[in-house]
There are 2 protein chains.
Amino acid sequence: MKRLPPLKALQAFEAAGRHLSFSAAAAELHVTPGAISQQVRQLEDSLGMRLFRRLNRAIELTDAGRLILPPVSRGFNQFNDALTLLQQYRSAGPLTITAPASLVSNWLIPRLQRFKADYPDIDVRIDTSNRLVDFIHEDIDVGVRFGDGEYPDLDSTHLFSYELIPVCAPQLMRQGPGLREISDLARYTLLHGDYRDLDAAFPDWTMWLKVVGAEDIEAERGIFFSQADQLFQAVVDGQGVGLLANVMAEPEIAAGRLVQPFAISLPVRMSYHVVTSPAKASWPRVRAFRDWVLAESAGLRTRGRTLSDESGRRD
Amino acid sequence: MKRLPPLKALQAFEAAGRHLSFSAAAAELHVTPGAISQQVRQLEDSLGMRLFRRLNRAIELTDAGRLILPPVSRGFNQFNDALTLLQQYRSAGPLTITAPASLVSNWLIPRLQRFKADYPDIDVRIDTSNRLVDFIHEDIDVGVRFGDGEYPDLDSTHLFSYELIPVCAPQLMRQGPGLREISDLARYTLLHGDYRDLDAAFPDWTMWLKVVGAEDIEAERGIFFSQADQLFQAVVDGQGVGLLANVMAEPEIAAGRLVQPFAISLPVRMSYHVVTSPAKASWPRVRAFRDWVLAESAGLRTRGRTLSDESGRRD
DNA sequence: CTTTTCACTTTAGTTTTTCTAATATGAAAG
DNA sequence: CTTTCATATTAGAAAAACTAAAGTGAAAAG
């Protein structure tokens, strides 16, 4: 393989030769006309030959330029063909999605059939993990991640915020000592999740009671769960009143399997984000999924006031 | 035309894919293996896809890599084809040479037939000018220039040095007052060229007489010529003793048309150089001419001692 | 005519990309 | 084991590309 001239310069020449205009080439390549002028000159210098004849306000190819334009164009067309092949290859396999297990089972799976209805050609493979997988090397196309939205080298879009809302089983409201005032909570078992490993500032009953001004109620009572699933199950079973994530609680409330005694929820600094590698962000199937999941999330709205609503009104 | 990935990265991928080795690709492209590694990674990132599977001490193409290698290779082959076309185009027209008129008529033309004999396929066009022509834009392939060898942006090789040697017509030696000792010069007409526009330090009779220790002879006598041709003609005509350039004098001395009464010549700071644009320096026909002209010049040797010889022996 | 406009050119300086050198890694070969 | 070999990784240096702004010169417009 013999030594090639600078490839950028070849590209500038090809575009300029095709348009017979430096300005048009510049527009196509998203650079200034000056850049094209310099690149073409550089190519001419490196070949030791003029490729364009500069006229007053136009250019035309010299014999040498006219001679090599076709093969050079064919070369770039081959590159385009290669890209097209890749795109087809990409569309062939399943769309691989990674998301936290809890979100997958409580939120994603229930509505995935709607996605399949909208995009019957896209097969979906779901990878449940909390690792920040390498989106290129582990062959993951798009993910949902819970965090602060700072994902270096990744494209991320806020999906929905995370709030803790107090919920309990409906029969607990009826059978228990009565749950109308916040002070009534003192006579109920509090169900706690242990989120400390996620974020030291993650809100809990202590904070919720403080926010509603019921610091006299002891927060540290009740049962602690290390798994979100266990906490969820305990709440559904009517073992007490728990603070559940909006994502998990919403469908249950809507279905009547849980009730929300007090319309005050705690917003959490971290939230859910749709995440993908920049290179894949423009893939049609990735955009399709991202847009779909964002549209779906628009249905998830806070039922009551959040902490920030409260503080907003108190100012 | 859709947006292409970085072309250098494509090139690195192509070479690596062809050799199935980053090191071999690095050698081919004259870079370090690290550079290839980075370029391939950059391409993978920009495509959002792995192209190579890294094994212990080898690499292999992934499906995606295997898919796009052929069209990418074809693309680069097209570029090579374009270069080959250009080379053929170049070999078609005449080899255009530029050289000072005096050198052309006295030195180049007489031996050009030998060049034509060696390279019958190369037609030669000679441009006699002293301008430092633009070697790309004026369509000049190679030139001979007289100067100090400092030609920015040009490739130059020393051809032969320039010396002024005292010569006269043979009949002047016989018919005149006698020319055996340097002091005899006092009775001869001195023929001068006017080289002051070339270089203020250009040597002349004054300097020659000083070098040989004959400062008592008045140097400013005789006839001054502004054109080298006129001086040459006057010397040949036997009008006096002149200082002629070795290039002009040598053939005449060899032919017996001139004699060199004293074997002391004056070296000149400036000399002849074969000059070409870097881009054209590797063209076969340009190299052929350059090598030929250098070989021819090897025949041109100083007959007597030069000033530097003298000063060397006196130290 | 004179003025404006249009496309390319030129230059200096900034930004981006590419490369090297040095070091690391990890598995196979000796 | 130890060495060797091919690739990976990093920081920093070197080279290339690009922009912005001013320039040129001829056709088009007035």
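The values are calculated or read from the model by the stated rules, or taken from the named source; none is laboratory data. Just so it is clear, the structure is predicted and the values come from calculations on it, not from any experiment. As a convention, Cβ positions derive from the backbone with ideal geometry for all residues, glycine included, and neighbour counts pool all protein chains shown.
Below is a table of values for the structure above.
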quantity	calculated
Positions within the range B:46-76 being away from DNA strand D (no atom under 11 Å from the Cβ) and within 19 Å of A:A279 (Cα to Cα), in sequence order	B:S46, B:L47, B:G48, B:M49, B:T62, B:D63, B:A64, B:G65, B:L67, B:I68
Residues of the range A:68-89 classified as within 33 Å of the chain's Cα centre (by Cα) and more than 7 Å from chain B (Cβ to nearest Cβ), total	3
Candidate set from the range A:115-139 (those that are part of a strand (DSSP E or B) and either touching a Phe, Trp or Tyr at 6+ places or on another chain (Cβ under 9 Å) or at pLDDT 90 or above (or both)); member that is nearest to the other protein chains (Cβ to nearest Cβ)	A:R125
Neighbours by Cβ (under 7 Å, 6+ apart or cross-chain): first from the range B:17-45, facing chain A (nearest Cβ under 10 Å); second more than 8 Å from DNA strand C (Cβ to nearest atom) and modelled with pLDDT under 95	B:E28/A:M1; B:E44/A:I136; B:E44/B:R50; B:D45/A:I136; B:D45/A:A279
Flag if A:R53 is free of Cβ contacts under 8 Å to residues at least 40 places away in the same chain, farther than 20 Å from B:I68 by Cα, within 10 Å of DNA strand C (Cβ to nearest atom) and surrounded by fewer than 16 Cβ atoms within 10 Å (Cβ to Cβ)	yes
Search result, residues across the range B:165-191 that are of a type in the set (G, A, S) and loosely packed, with under 14 Cβ neighbours inside 10 Å	B:G178, B:S183
Qualifying positions in the range A:140-193 - of a type in the set (F, W, Y) and either assigned to a strand (DSSP E or B) or assigned by TED's automatic domain parsing to the domain that holds A:A234 (or both)	A:F146, A:F160, A:Y162, A:Y188
Criterion violated by A:H158 - all others in (1) more than 14 Å from chain B (Cβ to nearest Cβ); (2) in contact with a Pro (Cβ under 9 Å, 6 or more places away or on another chain) satisfied	(2)
Subset of the range B:84-107 (residues that are buried (at least 17 other Cβ atoms within 10 Å of the Cβ), assigned to a helix (DSSP H, G or I) and free of Cβ contacts under 8 Å to residues at least 60 places away in the same chain)	B:L86, B:V104
